[in-house]
Amino acid sequence: MEELRAILESVGPSSDTLGWDISLYVLFVLNVVILLLLPDGSTLGTVLSVSVILSVFIDKTYAFGHLLDSGPYSPEYCHAKIFVGTYLIRAVIFAAPLTVAASTNKGSVRFLGVVAGIGGAAYMFLRWFSDQRDVAAPNITCFDSEMMIHSASLVLVMGRVALRKRLTLWAEHRDVPGAVPGDLAAHEVEV
C-alpha cells in the first residue's frame, strides 16, 4: 500500500525533473489522441497505443523502483538510472507509435503516430544519454540478478503452459517422447 501511495504521489510534476515531466505529459496526450482517433477494428493499434500510455505512466511514476526491490538505492534512482526495464519501456514509447502510424490508413493517426514516435525517440535517447549511459553491464538491475533470472524463467514456463493449445508447433505430447510438429493424426499414434 505504501508503494502505491508513492506511485500516485509522483504523478504530478516535480521541480527536479520538470522538463522530463512535460515531455512525458506531451507523449501521454499524443498517444491518448491517437487512441481516440484510431478507426474501429484496429486491434493492433489499440493495443500498441495502450501499451505506450502504460509505459509513459510507469516511466513517470518510477513504478519499477517502487514495485521491485531497489536494494541499496532509492526507488527513483533505481528506476531512472540503473534498471534495464526502464530503457525497454522507453523503447516501447519510441517504437509503438511508429508501428501504429505504419499500420493505419487514416492520415491524422499516421501524422500523430510519426510525431509521437519521433518525440519518443528523442526522449528515449536523451534520457539514456543523461541518465543511463554510464551504467556498467553487471549493474543493470537494482536487485539480485539470480532472482530476476529465476522469475523470468518462471514467467516463460507459465506462459508456455497457458498458451499450450495455441502454440501447437513443436508441442510435446504426453504419450509420445520428444517433440512433435503439430498435432498427430489418429493413425500415427501408438497406443
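Remarks
- As a proxy for reagent exposure, ranking Ser153, Ser103 by other Cβ atoms within 10 Å from fewest up yields Ser153, Ser103.
- Going by neighbour counts of Cβ atoms within 10 Å, the residues Ser51, Ser108 line up, fewest first, as Ser108, Ser51.
- Footprinting exposure proxy for Asp16, Asp131, Asp40 (fewest neighbouring C-beta atoms within 10 Å first): Asp40, Asp16, Asp131
- Potential lengthening between Asp16 and Ser103 on full extension [0.36 nm per residue; Cα-Cα distance subtracted]: 27.6 nm
Read-outs throughout are calculated quantities, based only on the coordinates presented, and are distinct from any laboratory measurement. Note that the structure is predicted; figures quoted are calculated from it, not measured. As a convention, Cβ positions derive from the backbone with ideal geometry for all residues, glycine included, and neighbour counts pool all protein chains shown.
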